[in-house]
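These notes concern the structure reproduced below.
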Amino acid sequence: MLAERYPYYLANRPRQPNAELAVTHKYSGEVVTHVAVADAAAVEEAITAAVRAAEPMRKLAPYARQAVLEHCVRRFRERAEELALALCIEAGKPLRDARGEVDRLIETFKAAAEEAVRGGGEVLNLEVSKRAAGYRGFTQRVPVGPCSFITPFNFPLNLVAHKVAPAIAAGCPFILKPSDRTPVSALIMAEVLAETELPEGAFSVLPVRLEDIAPLIEDDRLKLLSFTGSEKVGWELKARAGRKKVVLELGGNAACVVDEAPGAPLDFIADRVAQGAFFQAGQSCISVQRVLVHASLYDALRERLVERAKALRPGNPFDEATTLGPMIDEPAARRLEGWIQQAVQRGARVLAGGGRRGSVLDATVLEGVPKDASLSSEEAFGPVVLLQPFDTFDEALAQVNSGRFGLQAGLFTQDLSRAMKAWDELEVGGVVVGDVPSFRVDTMPYGGVKGSGIGREGVKYAIEDMTELRLLVLRQA
């Protein structure tokens, strides 16, 4: 179970000046622990420490960075059940899902340990004309410097890992502000980092009040801001960030297209769509929100998906049999319930679910939702999926592209030319053929276009964002 209280970590060290932040059990609503909150002075101290640590981190040998990450892998394995229980309590994840996220945390740190010792430069042929005869070029990657990370509540371990592990591999000191709703997981991670020999000031993990967060966004001493969260907040932060690099992993209303020759049995497709739509109560940026089905398969797939939605068991995430946990809080569940009711008032039909008990919203399947309804055009971020038939493949692609989001899309087809056309024409960061858009491996480049953000995560690609190319030109006599 959770400790009675948790310190924040400033310049690698725990501090407990207060216990002001109450953390609740997301199913029962009861307060389960308290966490220290950093004030403006602590934020300034953390930035100053990160600036001092920039040079020692840059000089930390790749094998030493790897050793830090490998230590974390070992300790996360040893504390895996503790981490899963923390996720279950503070994020409301069913235990089976919480354990899966711990596995991904470990995979992400393991991948970063491997990348820490790989070279990042190249030899350039500069003899492209007579005037450059005798010249050669070389590049190396150097750390960008102190970084600022802001993470959301839905994956309190793995989304933190996608910023922290690459930063260590790249040699960048960082300050992390975890979500106020789910800070414990990140603080346990900080406890493990504090066991390592990272230079003093290399990391700080600080729950921070909104009124004190501005320096983490605006201070020019920080060279990169990486934010995962809502579209509205992300673009506002970018406007305030000044000259620093900005990486935004924002929202989506991911679509999955089921072509007339899908290349997989409908039972498999229904299983994957249900998993993609209702996993973690739909609180994922790449949760399946819209399913576009060829008219010839529509009735058959609808029947199967409704059956699977009704079979899910909502309840206490501590119950091993629970397959649908609560949303992050009751206001979030009420918001989505309201969107469902608004869609119904405009002619949509609820095929399964639609009910709510506190913060638990039933797995919900709808059809006939107007394209401009909030439930279709915005990010639902809950256990709701919309079905819509189509007649032509081009029509389906146009519908996927119709909104302002562009994170990932799924496509079930056995037609290679259609798969390639989707890859060419869909305005998304990634197209997943043969599966749902919710599929992600932690080493692949992940991120969106349009309103879904800028930059890419995935360990190797995050390291590229956290480093800069430095060129050497050599003239040979």
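The values are calculated or read from the model by the stated rules, or taken from the named source; none is laboratory data. It should be emphasised that the depicted structure is a prediction, and the values quoted were computed from it without experimental measurement. Glycine also receives a Cβ, built like all others from the backbone with ideal geometry; neighbour counts cover every protein chain displayed. Areas reflect the complete protein model, heavy atoms only, side chains present, ligands, DNA and RNA absent. Shrake-Rupley method; radii C 1.70, N 1.55, O 1.52, S 1.80 Å.
Are any of the residues in segment 125-147 acidic (D, E), outside any strand (DSSP E or B) and free of Cβ contacts under 8 Å to residues at least 12 places away in the same chain? Yes, segment 125-147 has at least one match.
For segment 1-58, the candidate set comprises residues that are among the polar types (S, T, N, Q) and farther than 30 Å from L469 by Cα; within that set, the residue that is surrounded by the fewest Cβ atoms within 10 Å (Cβ to Cβ) is Q16. On the stretch given as segment 191-207, residues that are open to solvent by 10 Å² or more (accessible area, probe 1.4 Å) and either closer than 21 Å to I328 by Cα or of a type in the set (S, T, N, Q) (or both) total 1.
If I ask for residues that are out of contact with any strand residue (DSSP E or B) (no Cβ under 9 Å at 6 or more places or on another chain) and crowded, with 16+ Cβ neighbours inside 10 Å, which ones from segment 115-149 would you list? Those that are out of contact with any strand residue (DSSP E or B) (no Cβ under 9 Å at 6 or more places or on another chain) and crowded, with 16+ Cβ neighbours inside 10 Å: E115, A116.
Among the residues of segment 291-307, the one identified as more than 16 Å from T364 (Cβ to Cβ) and either β-branched (V, I, T) or touching a His at 6+ places or on another chain (Cβ under 8 Å) (or both) is V293.
Considering only segment 69-90, state which residues are part of a helix (DSSP H, G or I), touching a residue at least 60 places away in the same chain (Cβ under 8 Å) and open to solvent by 10 Å² or more (accessible area, probe 1.4 Å). Within segment 69-90, H71, R75, E82, L85 qualify.
Looking at segment 221-229, is at least one residue in contact (Cβ under 8 Å) with a residue 60 or more places away in the chain, buried (at least 21 other Cβ atoms within 10 Å of the Cβ), on the phi > 0 side of the Ramachandran plot and over 16 Å from the mean Cα position of the chain (by Cα)? The answer is no, given that none of the residues of segment 221-229 is in contact (Cβ under 8 Å) with a residue 60 or more places away in the chain, buried (at least 21 other Cβ atoms within 10 Å of the Cβ), on the phi > 0 side of the Ramachandran plot and over 16 Å from the mean Cα position of the chain (by Cα).
Can you find even one residue in segment 41-60 that is without any contact (Cβ under 8 Å) to a residue 12 or more places away in the chain, in a helix (DSSP H, G or I) and within 19 Å of L187 (Cα to Cα)? No. Scanning segment 270-314 for residues that are more than 30 Å from L248 (Cα to Cα), open to solvent by less than 40 Å² (accessible area, probe 1.4 Å) and part of a strand (DSSP E or B) yields a total of 2. Among residues of segment 341-363 being in contact (Cβ under 8 Å) with a residue 40 or more places away in the chain and assigned to a loop (DSSP other than H, G, I, E, B), the one that is farthest from Y27 (Cα to Cα) is G353. For segment 234-268, filtering for residues that are open to solvent by less than 30 Å² (accessible area, probe 1.4 Å), in contact with a Gly (Cβ under 8 Å, 6 or more places away or on another chain) and of a type outside the set (A, V, I, L, M) leaves 6.
Could you tell me which of the residues G458, G434 is within 30 Å of F268 (Cβ to Cβ), out of contact with any helix residue (DSSP H, G or I) (no Cβ under 8 Å at 6 or more places or on another chain) and open to solvent by less than 40 Å² (accessible area, probe 1.4 Å)? On inspection, the qualifying residue turns out to be G434. Of the candidates I217, I188, the single residue that is part of a helix (DSSP H, G or I), open to solvent by less than 20 Å² (accessible area, probe 1.4 Å), farther than 21 Å from E457 by Cα and in contact (Cβ under 8 Å) with a residue 24 or more places away in the chain is I188.
For segment 161-189, filtering for residues that are aliphatic (A, V, I, L, M) and more than 13 Å from V68 (Cβ to Cβ) leaves 7.
Every residue, every condition in (1) among the hydroxyl-bearing types (S, T, Y); (2) out of contact with any helix residue (DSSP H, G or I) (no Cβ under 9 Å at 6 or more places or on another chain); (3) surrounded by fewer than 24 Cβ atoms within 10 Å (Cβ to Cβ), yes or no:
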{"site": "P383", "(1), (2), (3)": "no, no, no"}
{"site": "Q399", "(1), (2), (3)": "no, yes, yes"}
{"site": "G410", "(1), (2), (3)": "no, no, no"}
{"site": "M420", "(1), (2), (3)": "no, yes, yes"}
{"site": "D442", "(1), (2), (3)": "no, no, yes"}
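Which members of segment 155-181 meet the condition of being assigned to a loop (DSSP other than H, G, I, E, B), surrounded by fewer than 24 Cβ atoms within 10 Å (Cβ to Cβ) and not small (G, A, S)? Result: D180, R181. Of all residues in segment 414-456, those that are touching a strand residue (DSSP E or B) at 6+ places or on another chain (Cβ under 7 Å), hydroxyl-bearing (S, T, Y) and part of a loop (DSSP other than H, G, I, E, B) total 1.
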